Amino acid sequence: MSLDWMAWTLPTALFFLIILLMICGMLVWELVSPTVERKGFLGFPTTRGTRFFIGLLGTGYIHLAWLGLTDLSLWMALPISAVWIFVAMRWG
Amino acid sequence: MEKWENNKAWFLVLPVFLIVAFSAIIPLMTVVNYSVQDIFGPGNAVFVGTEWFEEVLRDTRLHDALGRQFLFSGLVLLIEIPLGILVALAMPKRGWGVSASLITLALPLLIPWNVIGTIWIIFTRPDIGLFGVAVNGLDLLSVPFDHTARPIYAWITLMAMEVWHWTPLVALLCYAGLRAIPEAYYQAAKIDGASALAVFRYIQLPKMRGVLTIAVLLRFMDSFLIYAEPFALTGGGPGNTTTFLSIYLVKIAVGQFDLGPAAAFSLIYFLIVLLLSFIFYQVLLNVGKGEKR
């Protein structure tokens, strides 16, 4: 099967690989210590998976906002996103 | 609830996962790949980084289309959900009327979407359409009704079509929700001397939460992604006044064959739908939970 039509590039391949690894990490984490539903600053009950989803979704929006609203390097949005994921996972 | 030791049943989900992988995940990955490249043809693509995203994010026509899309979906939810509940409440509960009203309601849902657009074109035509001729015959409007002439007319026609097409779905879902309420609740309400409004507020509405969740989610997503009906009816016009996100997207992707910007656009579109659906889902999941405690 040829995958030419998918037009893979190294950056997008790394992007999906990292997301896949994060999901696998979440799976291992879940097996080691199952999540407990709780309520954080988001105001509704969340499990670890929900917070992970919110973290990733927020990352997408942070990067888009960075692109759309500033002319600065997109790399600067990455640490902000990392902090956001941490905050969402820890206190969300 | 009993916890099962054996979780092998999860493997039965595997076929669905494979189908979803081919129908959704792989195409989505391809769109991500396309969004960072300028594609001239098979095997002839140049990596351009985030250029398309920047271009699309600063495109004022996209902002306008997004605004129209929110207006459209907002109106759809505001009209169809209450109207669907009212229709469901008014439907007969037993006898031949049940089948008759169910079939009548289901009819618009069975018609192909592009045919719906065509039906409404003919229905509202000012020369031969029943609605067009009737409204213009009353001679109330300063400008004769023609959905190609004025943006407001195009919007009225679109909303009428959308409401006619999809309110039955909301009504059918609500009807199913209402039928599932045990008779004992109504008997208890009768003993307490509850008014019809109280019965609706404290019995019917909370019991319909599940089906309303599905109705709101389905109607929001379908209306946010709407393409065939407005494409057939107005084609996005007059001007750009009914150009919704998907119509604009198809114009870029197929009309101009700009796959890169179209892919970037699709991903932003996808993120918006994902966020809004998640919020709707959480709100409807958690609403009324506090009352039980």
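The values are calculated or read from the model by the stated rules, or taken from the named source; none is laboratory data. Please read all numbers here as calculations on a predicted model, not as lab measurements. In this analysis, Cβ positions are derived from the backbone assuming ideal geometry, glycine residues included, and neighbour counts consider all displayed protein chains. Areas reflect the complete protein model, heavy atoms only, side chains present, ligands, DNA and RNA absent. Shrake-Rupley method; radii C 1.70, N 1.55, O 1.52, S 1.80 Å.
Is it the case that some residue within the stretch A:46-68 is among the small types (Gly, Ala, Ser), assigned to a loop (DSSP other than H, G, I, E, B) and either at pLDDT below 90 or over 30 Å from B:GLY43 (Cα atoms) (or both)?
No, the stretch A:46-68 contains no residue that is among the small types (Gly, Ala, Ser), assigned to a loop (DSSP other than H, G, I, E, B) and either at pLDDT below 90 or over 30 Å from B:GLY43 (Cα atoms) (or both).
Consider A:GLY43 carefully, then state whether it is within 12 Å of chain B (Cβ to nearest Cβ) and under 22 Å from B:SER266 (Cβ atoms).
No: the conditions fail for A:GLY43.
Counting only residues that are open to solvent by less than 30 Å² (accessible area, probe 1.4 Å) and of a type outside the set (Gly, Ala, Ser), how many does the stretch B:121-159 have?
So the count comes out to 7.
Return yes or no: is B:ASN33 surrounded by fewer than 10 Cβ atoms within 10 Å (Cβ to Cβ) and either assigned to a helix (DSSP H, G or I) or not basic (Lys, Arg) (or both)?
No, not satisfied.
Residues to consider are B:GLU183, B:GLU229; find the one that is among the acidic types (Asp, Glu) and closer than 30 Å to B:LEU249 by Cα.
Sole residue among the options that is among the acidic types (Asp, Glu) and closer than 30 Å to B:LEU249 by Cα: B:GLU229.
Would you confirm whether any residue within the stretch B:160-175 is open to solvent by 20 Å² or more (accessible area, probe 1.4 Å) and at positive phi?
Scanning the stretch B:160-175 turns up no residue that is open to solvent by 20 Å² or more (accessible area, probe 1.4 Å) and at positive phi.
What number of residues in the stretch B:33-76 are more than 20 Å from the chain's Cα centre (by Cα), more than 7 Å from chain A (Cβ to nearest Cβ) and of a type in the set (S, T, N, Q)?
3
Identify all residues within the stretch A:7-18 that are more than 11 Å from every other protein chain (Cβ to nearest Cβ) and open to solvent by less than 90 Å² (accessible area, probe 1.4 Å); write none if there are none.
Within the stretch A:7-18, A:LEU14 is the sole residue that qualifies.
Just to be sure before I move on: is A:LEU21 among the aliphatic types (A, V, I, L, M), surrounded by 15 or more Cβ atoms within 10 Å (Cβ to Cβ) and part of a helix (DSSP H, G or I) in the structure I sent?
no
Quick one: which helices (runs of 4 or more DSSP H) lie wholly within the stretch B:184-293 and hold at least 2 residues that are in contact (Cβ under 8 Å) with a residue 24 or more places away in the chain?
So the answer is B:209-224, B:228-233, B:245-250, B:259-286.
Please tell me if B:GLU55 is open to solvent by 70 Å² or more (accessible area, probe 1.4 Å), closer than 21 Å to B:SER246 by Cβ and modelled with pLDDT under 90.
yes
Restricting the stretch A:46-92 to residues that are in contact (Cβ under 8 Å) with a residue 12 or more places away in the chain, over 20 Å from B:VAL273 (Cβ atoms) and of a type in the set (Val, Ile, Thr), which is most open to solvent (accessible area, probe 1.4 Å)?
Among them, the one singled out is A:ILE80.
Having 3 or more residues that are in contact with a Ser or Thr (Cβ under 6 Å, 6 or more places away or on another chain) is the bar; report the helices (runs of 4 or more DSSP H) wholly within the stretch B:88-179 that clear it.
Output list reads B:151-179.
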